[in-house]
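The values are calculated or read from the model by the stated rules, or taken from the named source; none is laboratory data. Predicted model only: the values in this text are computed from it and were never measured. Cβ: placed from backbone, ideal geometry, glycine included. Neighbour counts: every protein chain shown. Keep in mind that these areas ignore ligands, DNA and RNA; they rest on the heavy atoms of the full protein, side chains included. Shrake-Rupley method; radii C 1.70, N 1.55, O 1.52, S 1.80 Å.
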There are 4 protein chains.
Amino acid sequence: MAPKLQIACAGLGRMGARHALNFHNRTPRAELVAAFTPVQKEVEWAHANLEGVTIYTDYDEMLKHPGLQAVVVATVTTAHAEEAIKAIEAGKHVLCEKPLSTSVEISQSVVDAAVKKPHLKVMCGFSRRFDASYRDAFNRMDNGQIGRPSVFRSQTCDRLDPSGFFVAYAEFSGGIFVDCNIHDIDLALWYFGQDSIVKSVVATGITAVQPELRKHKDVDNGVGIVEFWGGKVAYFYSSRMMAAGQHDMTEVIGTEGKLAINANPTGTLVELHESTGIRREIPHDYYGRFEHAFVTEANEFTAACLDNNTLPFKLTGAVQAVKIGCALQESLNSGQKINFDETGRRLETSRL
Amino acid sequence: MAPKLQIACAGLGRMGARHALNFHNRTPRAELVAAFTPVQKEVEWAHANLEGVTIYTDYDEMLKHPGLQAVVVATVTTAHAEEAIKAIEAGKHVLCEKPLSTSVEISQSVVDAAVKKPHLKVMCGFSRRFDASYRDAFNRMDNGQIGRPSVFRSQTCDRLDPSGFFVAYAEFSGGIFVDCNIHDIDLALWYFGQDSIVKSVVATGITAVQPELRKHKDVDNGVGIVEFWGGKVAYFYSSRMMAAGQHDMTEVIGTEGKLAINANPTGTLVELHESTGIRREIPHDYYGRFEHAFVTEANEFTAACLDNNTLPFKLTGAVQAVKIGCALQESLNSGQKINFDETGRRLETSRL
Amino acid sequence: MAPKLQIACAGLGRMGARHALNFHNRTPRAELVAAFTPVQKEVEWAHANLEGVTIYTDYDEMLKHPGLQAVVVATVTTAHAEEAIKAIEAGKHVLCEKPLSTSVEISQSVVDAAVKKPHLKVMCGFSRRFDASYRDAFNRMDNGQIGRPSVFRSQTCDRLDPSGFFVAYAEFSGGIFVDCNIHDIDLALWYFGQDSIVKSVVATGITAVQPELRKHKDVDNGVGIVEFWGGKVAYFYSSRMMAAGQHDMTEVIGTEGKLAINANPTGTLVELHESTGIRREIPHDYYGRFEHAFVTEANEFTAACLDNNTLPFKLTGAVQAVKIGCALQESLNSGQKINFDETGRRLETSRL
Amino acid sequence: MAPKLQIACAGLGRMGARHALNFHNRTPRAELVAAFTPVQKEVEWAHANLEGVTIYTDYDEMLKHPGLQAVVVATVTTAHAEEAIKAIEAGKHVLCEKPLSTSVEISQSVVDAAVKKPHLKVMCGFSRRFDASYRDAFNRMDNGQIGRPSVFRSQTCDRLDPSGFFVAYAEFSGGIFVDCNIHDIDLALWYFGQDSIVKSVVATGITAVQPELRKHKDVDNGVGIVEFWGGKVAYFYSSRMMAAGQHDMTEVIGTEGKLAINANPTGTLVELHESTGIRREIPHDYYGRFEHAFVTEANEFTAACLDNNTLPFKLTGAVQAVKIGCALQESLNSGQKINFDETGRRLETSRL
């Protein structure tokens, strides 16, 4: 019997539970051997749903689990970096949920730790990189079907959650550009090339439904433009107030064509004809949209660890993405456009 | 000033009023000079809406209108043939609403009258022949984009009208296959070729919402198959109970491709994202779907009369279509499949 | 550790290999312990891809595999019934690919065998029953969203395979109505109710691309109508010559609305804007369309065996579906409509 | 006979010819009595296509045409304002193509002239205001179907014209934000309210296919953000390099829903299924998309003149739109964000 990757899951909240189940049930070459959560309710959930998995309430203890080879970090964002670094230092492969941190410096510290252990696979969980549609579009672009990609539009739009959850969440999320558009930024870097250098960043936003977000310097609808040196431009939209559900979409516009990913969102393949017209439903949250991408992510990360394959993208990109996200968030709050020179060094914002 | 076609409109009911307005306002080379209706309310409507047009309550009088060159016949179906023949005999061009008659023999009598006046333009108003989408699809087929057309699917589906109108209407409509699918049959003859010969006809149907239709030997949902000699087959659906609106659609399936016309019905280009999903409305009736086709029909008929152009299709096709429609209706009621030989002669339906 | 269902896979051809992999890798509660194939090349494939699974070249030997609890039968259609019956008699749960047999009598013999072992789970693999979209549509219908379902339209349309494969295949497939439309028939029975009684059956078809199919009494495009007692009608289309790919779709038309499943086929969520317009690709084969349904099928069958749950549908339905499919195929070849009385007993087809 | 509006058309180029034909043939209550063009080829076209219309090669002479009541100004943009003012001073109603001018001051001078003749109807031809889809969306928003409109996204994207036409055109067009996005800006003012006050403007752009545009300080792809006081934000995209055709679309995002207009562009209702997938074509230019809106515009302008109705929108909006367009174009070229106070007064751009 080929040995399976012995993996642990840190965090069993909304996202952690999904990762744990995916590694437990839908990743044939991995074996989920351990999980960590400090939350009693989640411990109980684990006992009921993760048969045969050792549950820890102390992260450091979990790292000592015999034979452990890899860790998926899916705790709260503020804990990502520290736990990832500890795992790296303990010699474990790491799949860390995005973002590594809402701070550029802290994100970089994860990269620094990983650099010291080049035999380890350390990946930031940009799930859209594993989505079949994004991959199909990338391959078409790569094959020249749209000429030279020049304009990139992407949005991450969540369904309206009237519970107020996002207000509390905003205290630690890093803001809408870091929390939501980080995905779109990462996609732009993927499609435009990871070596793209930002020329300018500007953003604005409003609080249409949750004015209390302002106390965390956040908004519920944000628009930003990121210019790259070399004649490329990306623009982003993020929102917390979509009525119909999650609508994440992207357009890659080239000199000879355009690729649209999810311009027509849909859930199942069902359309209902009723007296008010024709209606279809769309996924209510990002997991509804990207569930299969998460499963692919788990399987490909596992294969990379076991077979010593190159990961599909570099960890440094996660720092780039946070850097751009933070600059957008800063511009949102300062009202200033931020400029960078051709080496990527930030210029003084304003001059007379 | 180039002379305009002096035209009159017989009938100012639902469809007649539309024809009258189209010739009055949207057909630059025609002048609506007269209209006929025996209905007082419609006379009043005409005085308010058809400025400068002489209104007659006697059809024969209208035919004597000085300078009259053409007549559009848009009265009740039972009057079509007689009025068309009178107009032909009076030397007028005729655009007759479909069907010429619900009887094959009476339909043929219009053709016979027209044959005697070869200089006149006599056309049956198969409006879909003038629709931009159907023409686009036909041209693509004609250009070989789908190989050899082999299977034809077409439906005419009306919005549910809970008023019971269709029950009364069924007394004279000829039945759902003659009234609704006549359009689809005509399209099949257009796309497959006007010289196609029917091999067999079979139909069935149900009364899902209007059981009283049975007293007129009609149904509210009908399905039929028409086989043609030479390896072609068409199948049809008609319904009176669509919730969302009018959904007339067609597929032409060839050996190398397929053309779908209105598979995705839509009204305006607006989509509404709301808490129950994404919704669009569709036209509520056939005029909402085919308004522009009717305007094109008016203009092309006018041009054909003025310039002595060949009409886009032959009058004999209208008899063919009624013949097939009547055979479907007969099959619906007899439960028997009806067969024809390679010359189109009906074979004895097998009976014990 | 909860015990897993010990399952074997009979047949490792196109479909068998997929079932084997699904039970091996994507069905957490099952363990694929054995597989059978008489084909040397497939044995080799199994050694490379089914690690830890015992491979048999004799079906009877495989049935004796220690601890075996269940068998998935995915060999050629002609072997389905015999192998299923043997497995049942050996006390194994059975998931048998559709159809049980192309013969009604032989299909019934599987049911008869299963009846004698009521503790066993015996299911015919109608994969669309496990598809998320079909289930969503069914639930909406069941919740009354379209009123009373009355008209059912469904098609199974394969991509054109110019290799001629389907000609050879037609010798044993039972014909296009039994091979393709069997799915649509099963769906009609699901949506209309498993107790629906057929009133009449009529079919026609053509050989547009593969005239040699006639030697097996088959066609490459078939159209059929099935009338049910109680005012319901279903009509079906099947084709072997779709240019763009697999297009299986269904409409359920009720008195207050309509459900359309896959009216707008799509593969990924990508649209390509290019100089010739906007283009999207669709799945090339039925597995591309229904892959997730097969995975769900494997998991639900496994759960039913382990937990002694009721299967989602009855085995007798598989006989009903074959019976209707065979009647359509017979009508295609005889040119006769076939009628049944209200108890489902066939009436004499009228003959001179 | 009710008197018809005696109207003249200034300019018979691409757009002028369309206006002339629309007033000549498709505006029943108007009579095109005169037209002006200094171009000999256009004079010839007019003699062939505008029967009965007096053709002038001198604009001032045309204004003296006996009985003339109204003028549609459709010459080159640089002539719009002067000709409009002359017509106003001569007591004619004016429908002036957009923009009044690429200069805010000159645009304002048209408004000033119109103010002095309050009995005249003076309208800037924002054709999208007359489009059935935009009107449908506006009514839905106005009826509260999406809550409070908060974010507005709109794009005007032309098909790639490899002839280089747009480079020469850019010398006088005012730039892509004034030429293309002016429509989107006008729509934003319509949907957000004509009294909306701009808070900030920022833009960027690239020359992906036509680097020579830089000599006219223009780009072929532009992105801009316009913030309004009161918590509203609009963002715009314009492009000259769409492969598939014209794709003008808009989203209005409210606190309870979203309206999308033309998210799924389409030409006819035909879809072609071929070996490379499913394809549809879209209009190649804006007239293909908005033809019916131009006809509606002609008819409603005519009705407003004849019946002394209020025009559907105010002339001052045309100055607002140009002002915003010019600010976007300035920001594109300066690289600076431009801010405005709550009264709309421009603030110093940069501060230390």
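Structure values in brief
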item	result
Reachable aspartates and glutamates from residue C:217, criterion Cα separation under 17 angstrom, eight or more residues apart if same chain	C:171, C:179, C:330
Karplus-derived 3J(HN,Hα), 6.51/-1.76/1.60, for each residue of the range D:239-245, Hz, glycine and proline x	8, 10, 9, 6, 6, 7, x
Modelled FRET efficiency - R0 25 Å, residue D:132 with residue D:29, Cβ distances, 0.05 increments	0.80
Rounded percent of accessible protein surface that carbon and sulfur make up, chain B, 1.4 Å probe	51 percent
Farthest toward positive dipole pole in the range C:5-125 [+1 Lys/Arg, -1 Asp/Glu at C-beta], among C:120, C:103, C:53	C:120
Given charges at beta-carbon only (K, R positive; D, E negative), |dipole| of the range A:100-223 in Debye	360 debye
Quotient of C-alpha Rg and 2.2 N^0.38 Å, computed over the range C:234-296	1.34
Interchain or long-range residues, amide H under 5 Å from residue D:31's placed H	D:5, D:6, D:7
When each of B:92/B:323; A:337/D:199; A:98/D:337; D:64/D:116; D:121/D:258; C:232/C:258 is checked by Cα-Cα distance, pairs over 23 Å	B:92/B:323; A:98/D:337; D:121/D:258
On Cα atoms only, tilt of B:40-49 relative to the major axis of chain B in degrees	70 degrees
For residue B:276, inter-copy label distances in nm, listed shortest first [label point 7 Å out on the Cα-Cβ vector]	0.4, 4.0, 4.0
Inter-probe distance in nm under a simple model that places probes 7 Å from Cα toward Cβ, at residue A:310 and residue B:310	6.5 nm
Shortest-first distances to equivalent copies, position residue C:13, nm, label 7 Å out along Cβ	5.3, 6.0, 6.9
Total charge dipole magnitude, the protein assembly as shown, about the Cα centre, Cβ charges on Lys, Arg, Asp, Glu only, Debye to nearest 20	0 debye
Alpha-carbon Rg/Rh ratio, for the range A:162-314, with Rh computed the Kirkwood way	1.01
Average beta carbon contacts from partner chains per residue of B:230-239, 10 Å cutoff	4
Highest-fluctuation residue, C:282, C:225, C:338 considered, GNM on chain C with Cα pairs under 10 Å	C:282
Separation of the residue C:214 and residue C:47 label points, Cα + 7 Å toward Cβ, nm	4.8 nm
Number of partner chain Cβ atoms within 10 Å, mean per residue of C:148-161	3
Accessible surface buried once C binds B (1.4 Å probe; total of both sides; Å²)	3200 Å²
Computed log₁₀ I(q)/I(0) - Debye formula, equal Cα scatterers, no solvent, the range B:148-187, q 0.18, 0.20 Å⁻¹	-0.59, -0.68
Spin-label model distance (nm) - residue A:78 vs residue C:168, 7 Å beyond Cα toward Cβ	6.7 nm
FRET E, pair residue D:276, residue C:256, Förster distance 41 Å, beta-carbon r, rounded to 0.05	0.55
Length added when fully stretched, residue B:287-residue B:115, from 0.36 nm per residue minus Cα-Cα	58.8 nm
The protein assembly as shown - accessible surface per residue (Å², probe 1.4 Å)	36 Å²
Around residue C:213: net Lys/Arg minus Asp/Glu count, Cβ-Cβ under 14 Å	-3
Hull-based mean projected area of the range A:5-125, where the convex hull spans the alpha carbons, in square nanometres	6.6 nm²
Convex hull of the protein assembly as shown built on C-alpha atoms - directionally averaged projected area, nm²	54.5 nm²
Efficiency of FRET between residue C:57 and residue C:334 - r from beta-carbon atoms, R0 45 angstrom, step 0.05	0.60
Helix A:77-89 axis, angle to chain A major axis (alpha carbon atoms, nearest 10°)	50 degrees
Shielding by partners, peptide C:199-208 (average Cβ within 10 angstrom, other chains)	5
Residue and distance (whole Å) for the chain C Cβ nearest the axis that superposes C on A	C:26, 3
Accessible area (Å², 1.4 Å probe, nearest 10) - residue B:58	70 Å²
For residue B:116, inter-copy label distances in nm, listed shortest first [label point 7 Å out on the Cα-Cβ vector]	7.2, 8.1, 10.7
More than 37 Å apart - percent of Cα-Cα pairs taken over chain A	19 percent
Beta bridges by DSSP in the protein assembly as shown, antiparallel share as percent, to the nearest 5	55 percent
Whether the range C:182-248 is rounded, prolate or oblate, judged on the alpha carbon gyration tensor where a/c under 1.5 counts as rounded	prolate
